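Below you'll find the structure, written out as structure tokens, and then a few comments.
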Amino acid sequence: MTQAFVCLGSNMGDAQAHLAEAREKISAMTGVSVSEVSSLYRTEPQGRKDQPWFLNQVIRLDCDDDVTAEALLDFLLERERIMGRVRDAADHFGPRVIDMDLLLFGNEQRSGDDHLILPHPRMAQRAFVLVPLLEIAPELVMPDGKSVKSLLEKLSWRLEGSAIFQ
């Protein structure tokens, strides 16, 4: 069994319903079960500020041994497309119906592949990832030996209720 972590996000339409649908679709993948779900967090947009705030959460998945990181990522990307996600290279940080980012897949480390980089290349810079990740996996240590808590301590951010400012 391999544990994987996925960050879900939406800032279009009924974001809460989109996140619920994403969790449902992920739990339907053969060999994958959702084992933990963080609270929902309202998060300030990153990269492009002139858009609605996001609703984000992190989920932990238990993956059977025959599920690979590539298969999981491909499944997530296809579910994004089915749910109406349109990827625009010119507006990478723009609004989205759903975003499903594979953060971690066990202790796998991968780089040099634009399709799959593990851990997710920007997760250590994002409070909207680290806060919910810390909530559901407080003792989690990254493949490089750094704790999630130590990564979060390096960021400038604040939490007001369920809103994350960064």
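Values in this text are rule-based calculations from the coordinates and carry no lab data. In this text the structure is predicted, and so the values were computed from the model without any measurement. Reconstructed Cβ throughout: ideal geometry from the backbone, glycine too, with neighbour counts over all protein chains shown.
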So, by mean Cβ neighbours within 10 angstrom, what's the order for 56-65, 133-142, 146-155 with the highest one leading?
56-65, 133-142, 146-155
Using the beta-carbon distance between GLU153 and VAL86 and R0 = 45 Å, what value does 1/(1 + (r/R0)^6) give for FRET efficiency, to the nearest 0.05?
0.80
Calculating percent of Cα pairs over 22 Å apart from this structure picks out, from (i) 39; (ii) 56; (iii) 45, entry (i)
Under a cut-off of 27 Å between alpha-carbon atoms, report the lysines in cross-link reach of LYS146, not counting same-chain residues fewer than 8 places apart.
LYS154
Pull up the cross-link candidates among the aspartates and glutamates for LYS25, meaning alpha carbon to alpha carbon under 12 Å and not fewer than 8 places away within one chain.
GLU78, GLU80
